[in-house]
Amino acid sequence: MLDLIILFVLLNRDLTMYSVKKHIAFKFAPYTNPSFGAIKPALVRLEKSKFITSSKVMSDGGKLSVFYSITKDGLKELKKLLLEPFSKNPQQFLSDARIKLSCASFLGREDFQTMLNEIKTGAYLHKNNAQNLISDKYNQPDFYQRIVLDNTICEYNNFISMLEGFEK
């Protein structure tokens with residue numbers, strides 16, 4: 001998911017690694033907060049794959065800065081990452097769905113609709129799984145598990161309402 005986020009923040013301008021981290025914090029702080037130790041290897045990986053390029057620039061003060069920019073292949077990769085299938089893990093699904101929705105402005109209407117349909121399907125699946133656990137007559141959850149499951153159902157209901165708002 002970090003590759004997707006980096007490619008997205010590089011859409012509008014070339015950035016240094018420090019600026020990439022700042023843009024990620026500004027746009028994605030509620031969902032993720034990668035360290036420089038995670039960002040640097042991702043930038044190297046993306047550059048080796050030719051999804052980004054780097055250029056070294058000497059500042060007026062004599063400091064060398066490395067700026068990263070997205071390539072045409074990087075644009076294709078960003079679209080591919082946005083449209084790839086979601087994790088079956090409910091916690092990972094919700095996190096990834098929020099990040100992908102935050103990047104949806106990159107997609108055309110048809111691709112956005114495809115992604116939205118997949119997110120809605122996954123959200124209903126995970127919500128129904130939580131409801132099934134609560135209603136299982138043979139394996140009733142204890143008090144604390146029931147509270148967590150109720151909260152999960154509410155969270156998915158709110159998420160689904162948001163998704164339905166996008167369809168209008």
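The values are calculated or read from the model by the stated rules, or taken from the named source; none is laboratory data. On a predicted model such as this, the values are computed, not experimentally measured, just so you know. Positions of Cβ are generated from backbone atoms using ideal geometry, with glycine treated the same way; all protein chains shown enter the neighbour counts. Heads up: the accessible areas ignore ligands, DNA and RNA and are worked out on the full protein's heavy atoms, side chains in. Shrake-Rupley method; radii C 1.70, N 1.55, O 1.52, S 1.80 Å.
Tabulated results
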quantity	calculated
Residues of the stretch 24-36 that turn out to be open to solvent by 50 Å² or more (accessible area, probe 1.4 Å) and part of a helix (DSSP H, G or I), as a count	3
Unique match (being farther than 23 Å from K100 by Cβ and without any contact (Cβ under 8 Å) to a residue 24 or more places away in the chain) among S65, S54	S54
The listed residue being at negative phi, open to solvent by less than 80 Å² (accessible area, probe 1.4 Å) and among the acidic types (D, E), out of D73, D142	D73
Residues of the stretch 89-122 classified as of a type in the set (S, T, N, Q), over 19 Å from G165 (Cβ atoms) and either buried (at least 17 other Cβ atoms within 10 Å of the Cβ) or in contact (Cβ under 8 Å) with a residue 40 or more places away in the chain (or both), total	1
Checklist (1) among the polar types (S, T, N, Q); (2) within 24 Å of H23 (Cβ to Cβ); (3) in a helix (DSSP H, G or I); (4) modelled with pLDDT of 95 or more applied to T121, failing item	(2)
Among residues of the stretch 69-118, those that are of a type in the set (K, R), assigned to a helix (DSSP H, G or I) and either farther than 23 Å from L46 by Cα or in contact with a His (Cβ under 8 Å, 6 or more places away or on another chain) (or both), counted	1
Pick from the stretch 37-62, criterion in a helix (DSSP H, G or I) and either touching a His at 6+ places or on another chain (Cβ under 7 Å) or of a type in the set (K, R) (or both), ranking: most open to solvent (accessible area, probe 1.4 Å)	K48
Selection count where residues are within 13 Å of I52 (Cβ to Cβ) and of a type in the set (D, E, K, R), scope the stretch 1-22	3
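Yes/no matrix, rows are residues, columns are (1) out of contact with any Cys (no Cβ under 7 Å at 6 or more places or on another chain); (2) surrounded by 13 or more Cβ atoms within 10 Å (Cβ to Cβ); (3) without any contact (Cβ under 8 Å) to a residue 12 or more places away in the chain:
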residue	(1), (2), (3)
E77	yes, yes, no
L82	no, yes, no
N158	yes, no, yes
F166	yes, yes, no
